[in-house]
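The values are calculated or read from the model by the stated rules, or taken from the named source; none is laboratory data. Note that the structure is a prediction, hence the values are computed from the model and not measured. Cβ: placed from backbone, ideal geometry, glycine included. Neighbour counts: every protein chain shown. For accessibility, only protein heavy atoms count, side chains too; no ligands or nucleic acids. Shrake-Rupley method; radii C 1.70, N 1.55, O 1.52, S 1.80 Å.
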Amino acid sequence: MTDIVIVPAAPVVPPFPALGAPDFNQAAYTFGVAMPGVSDGVKALADTAHTNATVAKEQAVAAVAAVATAKQAVVDT
């Protein structure tokens, strides 16, 4: 059975510069350059959520099976 994985930190999105700001070009460049990392961070969060949902389902199925086994044990005694 898979184990629950630790959720990674959310990616930091730099602020989008105000139009007409004196440093707009540099700030916009910084914002744009950060986007691949933000995208990778969001994907990591999604992958973690999927893994943890799969684990939760596996554990729920195992719990249902354990209840059925326990009920049968009571009937058999």
Vicinal HN-Hα couplings computed from phi for segment 63-76 (Karplus, 6.51 cos²θ - 1.76 cosθ + 1.60; Hz; Gly/Pro x): 5, 4, 5, 5, 5, 4, 5, 5, 4, 5, 5, 5, 5, 6
Rounded to a whole number, what % of the accessible area of the chain do carbon and sulfur atoms account for, probe 1.4 Å? 69 percent
Please work out the average accessible area per residue across the chain, using the 1.4 Å probe convention, and give it in Å². 75 Å²
Computed FRET value (nearest 0.05) for ALA34 with ALA63, which takes r as the C-beta separation and R₀ as 35 Å: 0.25
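With +1 on each Lys and Arg Cβ and -1 on each Asp and Glu Cβ, how big is the dipole of the chain about its Cα centre, in debye rounded to the nearest 20?
Using Cβ point charges on Lys, Arg, Asp and Glu, the chain gives about 140 debye.
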Might you work out the accessible area of PHE16 for me, using a 1.4 Å probe with all protein chains in place, and round it to the nearest 10 Å²? 120 Å²
Under 10 Å, Cα contacts only: if you run a Gaussian network model on the chain, which one of GLY41, GLY20, GLY32 comes out with the highest mean-square fluctuation? GLY20
